[in-house]
1. Would you order B:Arg336, B:Arg56 from fewest to most other beta-carbon atoms within 10 Å of each residue's own beta-carbon?
2. Which of the lysines could a cross-linker bridge to A:Lys345, judged by Cα under 18 Å and excluding same-chain residues fewer than eight apart?
3. Kindly state, to the nearest 0.05, the FRET efficiency for A:Phe327 paired with B:Val112, given R0 = 30 Å and r defined as their beta-carbon distance.
4. Using the structure shown, select from A:Lys103/A:Lys409; A:Lys9/B:Lys239; A:Lys299/A:Lys409; A:Lys435/B:Lys239; A:Lys289/A:Lys382 the pairs with a Cα to Cα distance greater than 32 angstrom.
5. Determine, for each peptide in A:7-17, A:373-383, B:28-38, the mean count of other beta carbons within 10 angstrom over its residues, then list the peptides with the highest first.
6. Of B:Tyr295, A:Tyr249, how do they rank once you tally other Cβ atoms within 10 Å and put the fewest first?
7. Rg to Rh for chain B: what is it, with Cα atoms only and Rh by Kirkwood?
8. Quick one: Karplus J couplings for the stretch B:130-136, per residue in order, coefficients 6.51, -1.76, 1.60, θ = phi - 60°, nearest Hz, x for Gly and Pro?
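We did not get these values from a lab; they are worked out from the coordinates using the rules stated. Source: prediction; values computed, not measured. Every residue, glycine as well, gets a Cβ built from its backbone with ideal geometry; the counts of neighbours run over all protein chains shown.
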Amino acid sequence: MRELPWPAKVYSVALNLAAVFLLAHCVLVAGWMDRVEWPTLLVLALLFLVCESVPTLLNVPQAAVSVSYSAALAAVVLVGPEGAALVGLMAVLSVRPGLPLVKRLFNGAQFVICGYAAGWAFETAGGVPGLPQITDFPGILIPYGAATAAFVVINVVLTATILLLVGGVGRHQVALRSIFQFLGSYVGYATFGLLIAGLWATVQSISTVLVLLPLFVARWALGHYHAEQRSYDATIAALCQAVETKDYYTRGHCTRVSAASSMIAEEIGMGTERLRAIRYAGMLHDVGKLGVPTKVLQKEGKLTEEEFAAIQLHPMRGLEIVRGIDFLDEAFAGIMHHHERHDGKGYPMGLAGLEIPEFARIIAVADAFDSMTSDRAYRKAKPLDVAVAELLKNAGTQFDPIMVSNFIKALGRDGWPLAQTAPEPPGELAETTVKDHDDPTMPIQVVSER
Amino acid sequence: MAAPRSQGLDSGQLLLICAAGMLTIAGISHTAAAGLADSRVAIGFGVLIAAGELARLTMPGNREVAPVSTAASLGYALLLDVGGREATQSALQVVAVMSVGMIAGALPHVAVGRPPRLDAMARRLLAGSLLAFAYRPFAHSLYDIARTTGDWWPALGVMALLIAVMLAADVLIAAALRAEQVRTAFGVAVRDEFRMAAPLGAAVAASGMLLALASHSMDLTALPAFAAPLLVTQVAFRKYAGIRATYLQTVRALSRVTEVGGYVEPGHSRRVSQLSIAIGRELGLSEPQLLELEYAALMHDIGQLSLRDPIPGGATVLTDPVQARRIAELGAEVIRQTGVLHGVADIVRRQCDPVGEAPPIASRIIRAANAFDDLVGASTDRDRAAAALDRLRLDGGTEYDAAVVDAMARVVDRLMTRL
């Protein structure tokens, strides 16, 4: 593991010290050792260990968030803040090979602090630790809610802080968003803790098995979901690239347009779902191009109107292909209209300004940008600043000025990591075309037949 | 998968729906006559069943499930007491609450034009009723043991046993229906259904018992407390089912690029994949194998995208073997780029291998289906199909697997009769 920056080190040491102080305080509290139910504490600690050892991997970089705190919250109800703190300490021992000691200590400290704070909140809100009786329900929901809130808030704050200190601001924003997204499911899992505690009086430890089973099934399904999702993304990219293999120079165009589109979309503050959709839309925007006969793309000089019409048809062809994919929805409009122009002189419908769907306005900018910054058979790739100048020149005529300015802002901050410099095509094997319908600096010339 | 839904209900499904309908009537009329015992509890569980039915989802293979509704039904059937007061509902009352809850939960779907799968609903109702009829007679004695000795283990054991029996019965019913619906062997269908039902079934069973036990110590607070976690499970499954469906749709859609590019006849990939799946079912392939087969069949011509110009007509049965083999290699290379679909890539790569080289069964199926479609196309002419089959048989089992061709003959015969 890479060396931690010094603020993160200080932070993690401080957290560890706080946890040690808390634990010492718990154990030394007068008479606690005699009052505590050791078997209950032991089973809960074991349960916590099992949960902690198989964390759900969320899409948050570096932070594997586990649902083990349902055990910690059950401990809050059954054995009080001191017990919850001790249960949280088990995170240090979790069976996860390759987890560095620093992280183990950090996790342990964090769970000790969260557990104790939740216990404190539980007691403050009027809860009494111990086996819940029938008469405690539903009144117990209030202190339990307070405990959950304290636990989740402190957990999120502590984790977000370390992410911020380790990873810098940009990543912090992404991580934070994902954390909030999963907050809902955390609350769902938290009620498992209440169930464990509530059932303890009836069937003791078997309650943990009954409670764990749906939990693991949910995790199993989520794991499969993430695996399928990754597999899906890889497949869609591979198939789009297969469409491009015919033309040597446009290889990788779809992935780069997808990346650039999502940069713009993120910059204008699109939500997660739409962001996902525009990534796919960018990826798929040119699948209809295969319907354009190769001889049209390879023709030197001007095209006849009929040949140009074949090119103009490709967004519709693309739409026709992907129409069977239900979830794309808004992406359809993006694919169909990605060659509309801001001044209404584009194709296929000749929409203008805000009539053009937002997705299409974004893809149009990304598409032209990648075309200009990639090598073509008839010219070398243009440098970034030339391409940006070209975008600015055409903003308001071809492109939506808002999208252009947002793209330039994002480029200025993050750069363009995907700039492609294709090596010379390996001789006769590769096909090249002499035209690129996406290139705004080389508009396709059409001879009028009238 | 070619879902033959639109062809109406077959006899097994009708039988099931009739049985469920009769049960519903018996349950409701009995309850109306005898009065609702412990109405507060009945309403609480009924509402949860309705909510679960509202949040039903469709799992891969067009299987409709409603985990929350099923778990609530199980919980109500297994209930011993609520907060210390014994639960006295009869099995018929359980049936009545279940059916009313299910119908109430289905109504909003019907209102927006998404009718429920009647057979799936009937199955859910039957499974719950089965458990209720088996368990309710013991409920009183089990509760007595638990109350006097404070020992809940006998009750827990009976619950677990009966739920296991019920789930097994449900899997068998589902498999019988599926075998009839998609014409696959019963044994294969049982294995498929079990694989699909096991994880969700375990979660639902545990939640149902949890609910019955939790009602003892937590009163009706158990209902919301229990519903939230199972909803999380359901969300996970919904996401999983969603991506599976999207995946299939996407591969189906993108397999058409070869048609748009003029490399193959319109509809070729789709027809080859449908025929391949039918043959695969006939030969007893399991569902995961069928999925790989479908992906491979849809993408079997994707290698042609790397060719300079389309082969005229795209009929790879008429192209020379060297060229066909190259297309297969190029296609496998494209699929290998995904980094995940290794099995599919292998099937595509070996789609031209003669039988002697022992290619995977899926490759042999695709090879025969592809040749058949090249010869027959979209035509539904019996004589033309028969001629094509004869031509495939003529080769005597060196290029085309004789068992596959025989299975294809049966499938084609069935399809032609249906038209």
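1. Details: B:Arg336 17, B:Arg56 25.
Taking fewest neighbouring Cβ atoms as first place, the list is B:Arg336, B:Arg56.
2. Hits, sequence-local ones excluded: A:Lys393.
3. Details: r = 19 Å, r/R0 = 0.62.
So the FRET efficiency works out to roughly 0.95.
4. Numbers: A:Lys103/A:Lys409 36 Å; A:Lys9/B:Lys239 38 Å; A:Lys299/A:Lys409 38 Å; A:Lys435/B:Lys239 42 Å; A:Lys289/A:Lys382 23 Å.
The answer is A:Lys103/A:Lys409; A:Lys9/B:Lys239; A:Lys299/A:Lys409; A:Lys435/B:Lys239.
5. Ranking the peptides A:7-17, A:373-383, B:28-38 by packing returns A:373-383, A:7-17, B:28-38.
6. Fewest-to-most ranking of B:Tyr295, A:Tyr249: A:Tyr249, B:Tyr295.
7. 1.09
8. Here the 3J(HN,Hα) series is 3, 5, 4, 5, 6, 9, 3 Hz.
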